[in-house]
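Reviewing the structure listed below.
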Amino acid sequence: MNLTLRIWRQNGPTDKGAIHEYQVKGISEESSFLEMLDVLNEELFARGEEPIAFDSDCREGICGQCGIVINGIAHGPEVTTTCQLHMRSFKDGDVITIEPWRASGFPVIKDLVVNRSALDRIIQAGGYISVNTGAAPDAHATPVPKQDADRAFEAAACIGCGACVAACPNASAMLFTSAKVTHLGLLPQGKPENYRRVVAMLNQMDEEGFGSCSNIGECAAVCPKQIPLDVIANLNRQLGKAAFKGI
Ligand code: SF4
Ligand code: FES
């Protein structure tokens, strides 16, 4: 495949940045999107030009490090991570526009790399269990209803990629925050700190400059782990109960 790539280049956080156009030739349909960018970077390097900065680590859809807006969609045309997107999703001759996550909570570091440490600080505010749970009990000693276990497991699949923020017109981190709250709050070990956790994580989300949820649902539509939108309803219910308890 021969492609035209329109890529956001930005030399640093204070640089204005602009779209630059590149041609790539002979790209295999079987290669991944990031391998296609690797090919371009090798060519740029050989010409003595600065390669394009982008994030990746596992390249297996696990770590949440990769994340690019492709033709206006977070992670591109398939519901998967950018590293798991393959070039067979595109056609020969396509023009592909590639941009970083756009959100005030995710400042651009360089080109397609953004600083997502705001999500780490939301976790630090309460996305953990600090009560003493004692030694590991026998697996059957603390019964967890199957429905709760399944739902906690579903929410625990969030990899913190930030696509939900990038897709949301309000740049809200509600899907991410709600996934963590739902995962921990449904399990016996996480229940004692549930209400304090909800309030602390939401306060931190606001402090980081993320917007509020207005139920548009773009977040769930692009989430590579298919975290359902109703985790946000669960967070709102827990927040109401926390207010009732005066937390
Ligand atoms: S909720 Fe989905 S889109 Fe948002 S950070 Fe988690 S995995 Fe990524
Ligand atoms: S590089 Fe790890 S999820 Fe994409």
**Item:** Restricting the range 1-102 to trypsin sites (Lys or Arg not before Pro) in coil, as DSSP defines it, with at most 11 other Cβ within 10 Å
**Value:** 16, 25, 47, 91
**Message:** Using the Cα centre of the range 59-106 as the reference point, and only Cβ charges (+1 on K/R, -1 on D/E), how large is the resulting charge dipole? Debye, rounded to the nearest 20.
**Reply:** 60
**GNM result for the chain, Cα springs below 10 Å: residue of 112, 175, 187 fluctuating most strongly** = 187
**Request:** Enter the Cα centre distance for the pair the range 21-76 and the range 135-181, rounded to the nearest angstrom.
**Result:** 29
**Request:** Mind checking which of 178, 19, 86 is farthest towards the positive end of the chain's charge dipole, using Cβ charges of +1 (Lys, Arg) and -1 (Asp, Glu) about the Cα centre?
**Result:** 178
**Item:** GluC sites (Glu not before Pro) within the range 1-82, DSSP loop, no more than 12 other Cβ atoms inside 10 Å
**Value:** 29, 30, 49, 60
**Prompt:** Most mobile of 63, 161, 83 per a Gaussian network model of the chain (Cα springs, under 10 Å)?
**Reply:** 63
**Prompt:** With a sphere of radius 13 Å drawn around the Cβ of residue 239, what net charge do the other residues whose Cβ falls strictly inside it have (Lys, Arg +1; Asp, Glu -1)?
**Reply:** +4
**Complete:** Checked the range 136-247 with the C-alpha gyration tensor, a ≥ b ≥ c its square-rooted eigenvalues, rounded below a/c of 1.5, otherwise prolate if a/b is larger than b/c and oblate if not; verdict oblate
**Item:** the range 13-90 - charge dipole about Cα centre, Lys and Arg +1 at Cβ, Asp and Glu -1, debye rounded to 20
**Value:** 200
**Request:** For the range 230-247 and the range 99-120, compute the distance between their C-alpha centroids and round to whole Å.
**Result:** 29
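Only four residue types carry charge here, +1 at the Cβ of Lys and Arg and -1 at the Cβ of Asp and Glu. Report the dipole size of the chain about the Cα centre in Debye, rounded to the nearest 20.
1040
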**Message:** Can you classify the chain as rounded, prolate or oblate using the Cα gyration tensor, where a ≥ b ≥ c are the square roots of its eigenvalues, rounded means a/c under 1.5, and otherwise it's prolate if a/b beats b/c and oblate if not?
**Reply:** prolate
**Item:** Dipole of the chain, positive direction: furthest Cα of 101, 61, 155, with charges on the beta-carbon
**Value:** 155
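Looking only at the chain, where both bridge partners belong to it, what percent of the DSSP beta bridges are antiparallel (to the nearest 5)? All intermediate terms of the calculation are to be shown ahead of the outcome.
Numbers: 14 of 19 bridges.
So the antiparallel bridges in the chain amount to around 75 percent.
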**Fill in**
Most fluctuating of 205, 174, 87 in the GNM of the chain (C-alpha, under 10 Å) is 87
**Request:** Using just the helices of the chain, give the 222 nm mean residue ellipticity in deg cm²/dmol: DSSP H runs with n ≥ 4 each add -39,500 (n - 2.57), and the total is spread over all residues, rounded to 500.
**Result:** -10500 deg cm²/dmol
**Request:** Just list whichever of 180/225; 16/110; 110/225; 191/241 have alpha carbons separated by over 18 Å in the model shown.
**Result:** 110/225
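Any read-out appearing in this document is the output of simple, stated calculations on the displayed coordinates, not a laboratory observation. Nothing here was measured: the structure is a model prediction, and the numbers come from that model. We place every Cβ from the backbone using ideal geometry, glycine too, and count neighbours over all the protein chains shown.
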